[in-house]
Amino acid sequence: TGGNTPMMAPLTAPAARAAPAAPAARARAPALSGARAARAHRLGRAHRLGHGHVLRPFLSSASSSDLSASSSASPSNGVSNGVSESSASVNATSASASPSSAVLTADDDAQRLKMAVLRIGAQTDRGQLLFRQDAYAPLDKYNEGAEAEARLAIRQLRDANQTRAPTPEDVEGTWELVYCTKQLFRSSPFFMAIREAFGDATWHAPWDTEESAVPSGELFFRLHELQVKSWGTSTVGKVIQTIDVNKGVFISSFDTILFALTVIPIVGWFKLLPTFGARVVTETRDVVATTDDSLNTLKIAMEVEKTTVNREDGLPEPPFGLGALMGVEWPVNSVWKLLPWNGGRAPTCSTTVVYCDEDFRVNEDVDGELFVYMRCPDGTPALSEAADPVA
């Protein structure tokens with residue numbers, strides 16, 4: 001109608017408005033210092049992630065069809081992990097990719113591979129739902145291909161985007177664990193030292209044969225997991241590491257939550273046992289980093305010093321007077337040497353950084369198991385700075 005014509009005209013008329021003329025000259029922004037420039041670069045990448053500019057190529061082109069299984073995966077040290085892995089490349093584009101995903105920079109491709117690992121970490125509760133041991137049957141087939149896909153993405157990330165070995169400066173900072181191929185608690189130097197103390201020892205039932213033997217360290221960790229996780233007894237929360245090799249700092253922590261769910265349905269919904277938790281912090285000494293330029297890796301060796309159980313905001317304090325143990329330092333190093341089976345040896349361990357950029361780090365333990373970390377946001381207190389909160 002005539003009354004609607006003026007309103008419709010702007011929608012149907014061709015866009016003929018000229019863009020405003022740019023100023024003749026623009027003031028030059030002051031140069032940023034090295035540290036501020038690095039921080040601005042990280043913030044800029046986070047901004048792009050938040051607006052989907054980096055996610056879009058991954059979402060439009062990465063699919064399960066990009067991974068074609070053709071070989072068996074194994075850790076880099078040759079220890080079989082019993083998982084099939086594909087050896088094909090994760091394609092930058094696919095037949096169904098949109099035109100906007102046809103051109104990918106190296107940075108886009110790195111982000112796409114990292115997003116694949118983060119997706120698997122979310123699907124598998126940071127790797128805890130992989131169930132790849134026979135002891136978990138019949139759930140050992142659940143998420144059967146997830147680890148192979150994550151290992152493939154990590155290997156391609158290393159091959160395509162890391163042209164030199166990580167340095168102590170690269171790994172400096174505070175990081176949070178987002179995915180691993182073994183139990184979360186094994187990221188702690190305390191449990192790394194236990195694993196290395198077992199060495200190549202194996203165990204099998206007295207009535208069975210050598211062929212049924214399993215690594216003693218692996219058996220220990222299975223039993224520990226059954227002890228602390230059965231019936232929902234314990235849940236692992238955040239896993240954090242603060243590293244400054246040049247200052248001899250390697251501190252690791254994990255939050256543990258006990259009796260999160262203890263009710264009897266039908267009978268009632270009251271709690272049978274109180275829920276409580278704490279942050280377990282392990283500190284080390286004699287931290288030494290060694291670069292291997294042939295493999296582009298950084299090996300960090302250390303000696304466990306002590307462990308402290310601290311209060312953590314949001315976690316109720318242990319009941320029955322156990323709160324008095326919060327903040328007490330446990331001298332792991334001296335006690336370890338007194339144990340007869342250790343023969344006076346110190347609790348030493350090592351972990352190898354196989355990939356590291358400004359926000360993503362991948363470590364490998366002596367068995368070839370992988371631990372993936374994301375850098376914590378600016379402003380996150382380092383573990384060495386986080387005092388035990390006052391109750």
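PHE191 satisfies every condition listed in (1) at pLDDT 85 or above; (2) more than 22 Å from THR348 (Cβ to Cβ) except (2). Among the residues of the range 198-213, those identified as open to solvent by 50 Å² or more (accessible area, probe 1.4 Å) and in a helix (DSSP H, G or I) are PHE198, GLU210, GLU211. Scan the range 188-210 and tell me whether some residue there is in contact (Cβ under 8 Å) with a residue 60 or more places away in the chain, under 21 Å from GLY368 (Cβ atoms), in the same structural domain as VAL287 (by the TED database) and of a type in the set (S, T, N, Q). Yes, that holds for at least one residue. Taken over the range 125-180, the residue count meeting the criterion of being in a strand (DSSP E or B) and open to solvent by 10 Å² or more (accessible area, probe 1.4 Å) is 4. Residue count for the range 107-134 under the criterion of being within 24 Å of GLY237 (Cα to Cα) and more than 18 Å from the chain's Cα centre (by Cα): the result is 2.
When you check ILE240 against the structure, is it open to solvent by less than 50 Å² (accessible area, probe 1.4 Å), aliphatic (A, V, I, L, M), at pLDDT 85 or above and under 19 Å from PHE371 (Cα atoms), yes or no?
Values: open to solvent by less than 50 Å² (accessible area, probe 1.4 Å): yes; aliphatic (A, V, I, L, M): yes; at pLDDT 85 or above: yes; under 19 Å from PHE371 (Cα atoms): yes.
Considered against the rule, which asks whether it is open to solvent by less than 50 Å² (accessible area, probe 1.4 Å), aliphatic (A, V, I, L, M), at pLDDT 85 or above and under 19 Å from PHE371 (Cα atoms), ILE240 comes out as yes.
Cβ-Cβ contacts under 8 Å between residues 6 or more apart (or on different chains), taken from a first residue in the range 330-348 that is touching a residue at least 12 places away in the same chain (Cβ under 8 Å) to a second residue that is of a type in the set (Ser, Thr, Tyr), are listed as TRP330/THR307; TRP330/THR308; VAL332/THR282; VAL332/THR307.
Does VAL287 satisfy the criteria of being modelled with pLDDT of 90 or more, surrounded by 19 or more Cβ atoms within 10 Å (Cβ to Cβ), touching a Gly at 6+ places or on another chain (Cβ under 7 Å) and under 22 Å from PHE190 (Cα atoms)? Walk me through how you get there before you give the answer.
Numbers: modelled with pLDDT of 90 or more: yes; surrounded by 19 or more Cβ atoms within 10 Å (Cβ to Cβ): yes; touching a Gly at 6+ places or on another chain (Cβ under 7 Å): yes; under 22 Å from PHE190 (Cα atoms): yes.
When the stated conditions are applied, VAL287 passes them.
Residues considered: THR284, THR256. Of these, the only one that is within 25 Å of the chain's Cα centre (by Cα), closer than 30 Å to VAL171 by Cα and touching a residue at least 40 places away in the same chain (Cβ under 8 Å) is THR284. None of GLU225, GLU169 is over 23 Å from VAL366 (Cβ atoms) and out of contact with any Cys (no Cβ under 6 Å at 6 or more places or on another chain) except GLU169. Filtering the range 245-262 to residues that are outside any helix (DSSP H, G or I) and of a type in the set (S, T, N, Q) leaves SER252, SER253, THR256, THR262. Taking the criterion of being under 19 Å from ARG164 (Cβ atoms) and aromatic (Phe, Trp, Tyr), the residues of the range 352-378 that qualify are TYR355, PHE360.
The values are calculated or read from the model by the stated rules, or taken from the named source; none is laboratory data. Since we're looking at a predicted model, the values are computed, not measured. All Cβ positions, even for glycine, are placed from backbone atoms using ideal geometry, and neighbour counts span all protein chains on display. We work out accessible area using only protein heavy atoms, side chains counted, and drop any ligands, DNA or RNA first. Shrake-Rupley method; radii C 1.70, N 1.55, O 1.52, S 1.80 Å.
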